[in-house]
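One structure is given here, and the rest of the page talks about it.
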């Protein structure tokens, strides 16, 4: 069976639905976060989509979905630290970004305001829940594991600044859970790597393409627009 995967939609719903319509044989799709438009809008996808939070979402809307309010057809949110059965796959979630200041907060204590919503982060308690999960086929995270090297712009004769944008908490989950496949996003670039013995793929944003996976082997096809 083939399933689809997308990343960092950022409201590119036409591209999302175009990909789904192009592959009617694909029974479901996975998304690694940043689904909402810049104004916090969501739409019902044309095919079942299972997704985790990114750092650019409407977190009030997500809170409502978790308790069953105002759900949209075909759109299925996976809360952090949980796993669900999606077709033949068991899929786990660790959405959002890492912030050292808030990492040890309780999930329900993350402060939020219209200008700065800390619910965009994951916390240590959710990482601990993920580490206890078993039998996981696909782990979805928004952040990448380490190392994930980034390079800044060229400034005159100075060498480009390089830094590791990966987060060790993701490595911890990969090491403990050993999923068959790890998917992440956030950085808007495609990178395939092996981290903690696991195939780890950072996907490019929806406006530039999507991926198809064979569920038994996790062999994939990367499709660019």
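What follows draws every value from the coordinates through simple rules; no lab data is involved. This one's a predicted model, so the numbers in the text were calculated from it and none came from an experiment. Ideal geometry is used to build each Cβ from the backbone, glycine not excepted, and the neighbour counts take in all protein chains shown.
Observations, loosely collected:
- Each residue in 139, 133 was given a count of other beta-carbon atoms within 10 angstrom of its own, and listing them fewest first yields 133, 139.
- Legend: P(r) of region 106-225 from all alpha carbon pair distances, 5 Å bins from 0, whole percents, reading 2, 10, 17, 18, 18, 16, 11, 6, 2, 0, 0.
- Length gained when the stretch residue 124-residue 60 is fully extended (0.36 nm per residue, less Cα-Cα span): 20.9 nm
- Residue separation of residue 39 and residue 70 scaled by 0.36 nm, minus their Cα-Cα distance, works out to 9.4 nm of gained length.
- Dividing the convex hull volume of the alpha carbon atoms of region 162-225 by its residue count gives 91 Å³ per residue.
- Among beta bridges identified by DSSP and lying wholly in the chain, the antiparallel ones come to about 55 percent.
- In range of the label at residue 151: residues from region 183-204 whose backbone nitrogen is under 15 Å from the point 7 Å along Cα→Cβ: 189-191
- DSSP assigns beta bridges within region 42-124; of those with both partners inside it, close to 55 percent run antiparallel.
- Between residue 14 and residue 178, full extension at 0.36 nm per residue minus the direct alpha carbon distance yields a gain of 55.6 nm.
- Expressed as a fraction of 2.2 N^0.38 Å, the C-alpha radius of gyration for region 2-224 is 0.98.
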